[in-house]
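What follows draws every value from the coordinates through simple rules; no lab data is involved. The structure displayed is predicted, hence computed values, not measured ones. Neighbour counts are summed over all protein chains in view; Cβ atoms, including those assigned to glycine, are modelled from backbone coordinates with ideal geometry.
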Amino acid sequence: MSKTLKMKVDNTGFLLDRMGKDCAPLQYVRELTQNGIEAILRAGRTDGQIVWEADAQHGPVQKLSVTDNGDGMSGDEMIRYINTLSSSGSRQALDGNYGVGAKIAAATRNPAGLLYLSWREGVSDGEAVQLVRDPTGQYGLVSFQDSDEFDFVARVPAEMKPDTVQRTGSGTRIVLLGRSDDHDTCAPPEDAGTNAAQWVRKYLNTRYFRIPKNIRIQCQDYSPGADGGLRPVTGQGPMLDAVALAKGTTPLDGAVAHWWILPTPDAKFPEPVNLPGVGKHATSMQTFNPGYQNRGHVAFLFRDELYDLSIGNAAYAKLHQCGVIFGADRVVIYMEPTAGDITTNTARTLLIVNGGSPPWTDWAQQFRDAMPDALREFIESFDAKRTPADDEAVRERIKEVLQLFPVPKYVPSPTGAEELDDENPVPGNNSGGRNGSRSRGESGEPAKPRPPRAARGLKPKGPRGDRTSQNDVPDWRWKYLRDGTRSPGEMEDKAAQYDPSTNMLLINGDFRGFNVWVDYFASQYPSMPAVREQVEQQVQLWWEQTLLEAVIAHRDYRRSPHWQMQELSDEALTMAVLPRYHLFTAFKRGIRTLLGKPEVEPSAPPNVLPIPGQEAT
């Protein structure tokens with residue numbers, strides 16, 4: 001039987017530092033919490049507890065700690081599990097614990113040390129080890145002795161046992177020492193994205209969908225005096241279930257979509273809401289703001305954890321793909337994969353399905369096609385309040401100029417319905433040929449002739465594509481904060497957003513570059529009633545026209561091998577309507593035809609790019 005010389009890691013410090021950079025800023029909170037959950041499950045507790053709080057043993061500067069009442073560890077076990085990369089107290093497996101999470105996420109952010117204090121059941125004193133990053137850049141346990149006799153395990157007297165551990169006799173406390181002795185690790189980290197006192201709790205609530213029923217997690221609010229109260233963690237699921245106006249699940253191909261419709265952000269509850277395990281009743285949606293994500297968002301769900309949670313404009317764009325055109329700040333969708341090879345990356349920051357990113361776009365289209373009735377009615381309730389401009393006039397003008405856009409008959413697609421050949425060309429520099437390539441080489445010489453077709457009518461398998469239509473004009477919708485069709489932060493300071501999956505153009509009616517035109521022309525008719533509404537409709541007509549033409553033109557040019565912009569960004573659409581002269585001429589002609597000669601003649605066209613916070617000139 002042959003032997004194998006086991007591979008070794010030459011520079012563990014470099015490896016940990018590099019892997020630590022792949023972790024999200026607060027990933028260590030999840031890793032240490034998950035270690036506590038697994039320790040409690042190993043101990044078989046029916047009353048498991050995990051507490052995040054300030055450690056009282058570390059002088060004037062607060063140090064954050066996490067304590068569980070799990071099975072605890074002996075000194076020898078801590079040396080083995082903590083000082084060995086990819087070693088864990090749980091079963092090590094690709095679909096379970098790797099034994100590297102806390103080391104790469106927490107140790108790299110606490111070079112001054114992670115202090116582990118642990119107690120085993122039936123033993124009064126505990127034992128401790130400290131994992132540090134030494135001056136040479138290497139990670140390992142530091143000796144508690146200053147003499148030549150190194151002792152990497154210290155005894156912890158029984159009086160230092162935390163209350164959480166006292167009740168069951170075993171458990172572990174981990175103290176985060178940060179970068180230095182004067183680093184307050186209880187304070188929100190600079191890259192945490194929040195200064196809220198409940199930063200640990202909110203992270204855990206938005207990272208976990210649901211906490212095991214036999215475990216209670218509590219987090220201390222941050223305060224400079226370490227006197228903040230303890231608040232429970234439930235995960236997002238119980239909160240969403242408790243407040244939802246409607247909720248459900250929709251089966252997809254290889255996944256399940258979980259969805260909720262939330263009340264308005266300022267809604268008051270007719271009856272107090274009480275979450276399981278939470279003593280305090282909630283009276284409004286604002287109650288959940290500090291510790292939960294209480295606005296519309298999306299995420300992937302796997303084993304009761306949330307991955308790639310998106311909020312704000314990033315979430316709204318994904319919700320639009322799901323068909324949630326209006327009310328996106330009140331809709332939550334979690335996609336849970338149910339088939340295929342499902343795992344996470346080593347840093348546990350990304351979900352991986354069949355070796356790649358989860359197919360959100362495909363699942364979103366399936367969800368859109370199978371839209372639940374309650375959600376459809378919710379979205380249509382916003383659409384009913386819309387007062388559009390003359391859509392037919394815009395469509396007729398678009399049809400007049402469509403022939404000026406070289407829209408091809410076919411667009412390449414790996415799953416296309418038709419096979420492309422010389423009779424079904426796709427665009428390139430000189431459209432023609434199987435892949436839309438040039439008919440001449442870069443030197444100008446004719447391209448080499450193709451090999452003859454195979455005998456007996458057989459021919460090589462060509463690329464596939466889908467048929468396009470010259471009349472396939474995108475649909476469009478205007479969105480405003482005033483009627484709830486635009487959510488706060490959605491397309492902020494952008495003119496529009498285009499979703500190719502739905503062929504939908506969403507136009508921001510609150511965009512400053514649009515409203516400065518409306519204000520400019522409305523000011524010319526000061527005595528006319530309802531003049532702003534009339535001017536706005538006229539400006540809308542040509543604004544829509546310009547944006548629609550930009551979308552249609554992009555369809556052709558994005559297929560060029562020389563273009564890198566495959567998706568039409570919000571910024572590109574915004575730039576399409578910022579040139580002034582032609583729009584100014586069109587606005588002026590349409591408004592004067594409708595309203596007549598201005599009562600007040602302006603001296604100059606408006607500045608369409610006023611500095612935010614300053615009035616336009």
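Once the mean of 1/r is taken over each pair of separate Cα atoms and inverted, the stretch 228-276 shows a Kirkwood hydrodynamic radius of 13.0 Å.
The stretch between Asp163 and Thr346, if pulled fully straight at 0.36 nm per residue, gains 62.5 nm over its current Cα-Cα span. Here is the link list: Lys399/Lys494; Lys8/Lys103; Lys318/Lys479; Lys161/Lys213; Lys213/Lys280; Lys202/Lys494. Which ones come out longer than 22 Å on Cα distance? In this structure, Lys399/Lys494; Lys161/Lys213; Lys202/Lys494 exceed 22 Å between Cα atoms. Of Val401, Val29, the sequence from fewest to most neighbouring Cβ atoms within 10 angstrom is Val401, Val29. In terms of the Cα gyration tensor, with a ≥ b ≥ c the square roots of its eigenvalues, is the stretch 236-383 rounded because a/c is under 1.5, prolate because a/b exceeds b/c, or oblate? Oblate, because a/c is 1.5 or more while a/b does not exceed b/c.
Between Val61 and Leu578, the contour length at 0.36 nm per residue exceeds the Cα-Cα span by 180.8 nm.
Here the residues Asp499, Asp556, ranked from fewest to most Cβ neighbours within 10 Å of their Cβ, fall in the order Asp556, Asp499.
Phi angles across the stretch 63-71 convert, under the Karplus curve 6.51 cos²θ - 1.76 cosθ + 1.60 with θ = phi - 60°, into 3J(HN,Hα) values of 10, 6, 9, 10, 10, 10, 10, x, 7 Hz, Gly and Pro given as x.
Across the stretch 237-242, coupling constants 3J(HN,Hα) worked out from phi with the 6.51/-1.76/1.60 Karplus curve, θ = phi - 60°, read x, x, 5, 4, 4, 6 Hz, and Gly and Pro carry x. At q = 0.18, 0.27 Å⁻¹ the log10 of I(q)/I(0) for the stretch 13-90 amounts to -0.97, -1.24, computed by Debye summation with a single uniform scatterer per C-alpha, solvent ignored.
Using the Cβ-Cβ distance between Arg18 and Ala246 with R0 set to 45 Å, the FRET efficiency works out to roughly 0.50.
For the stretch 337-382, taking Cα atoms only, Rg and Dmax work out to 14.9, 44 Å respectively.
With Cα atoms as the point set, the radius of gyration and Dmax of the stretch 98-236 evaluate to 16.8, 52 Å. Here the stretch 1-43 is assigned +1 on the Cβ of each Lys and Arg and -1 on the Cβ of each Asp and Glu. Its dipole about the Cα centre then comes out at about 240 debye. For the stretch 236-383, a crude dipole built from +1 on the beta carbon of Lys and Arg and -1 on the beta carbon of Asp and Glu, taken about the Cα centre, is about 400 debye to the nearest 20. The stretch between Met371 and Lys268, if pulled fully straight at 0.36 nm per residue, gains 34.3 nm over its current Cα-Cα span. Exposure proxy shown here: for Val200, Val9, the number of other Cβ atoms within 10 Å sets the order, fewest to most, as Val9, Val200. With a ≥ b ≥ c the root eigenvalues of the C-alpha gyration tensor of the stretch 179-230, is it rounded (a/c under 1.5), prolate (a/b larger than b/c) or oblate? Prolate. Approximating the spin labels as points 7 Å out from Cα along Cα→Cβ, the Trp563-to-Lys3 distance works out to 6.4 nm. Between Met73 and Trp119, Gly171, the built amide H atoms are under 5 Å apart, and every one of these is 5 or more places off in sequence or on another chain.
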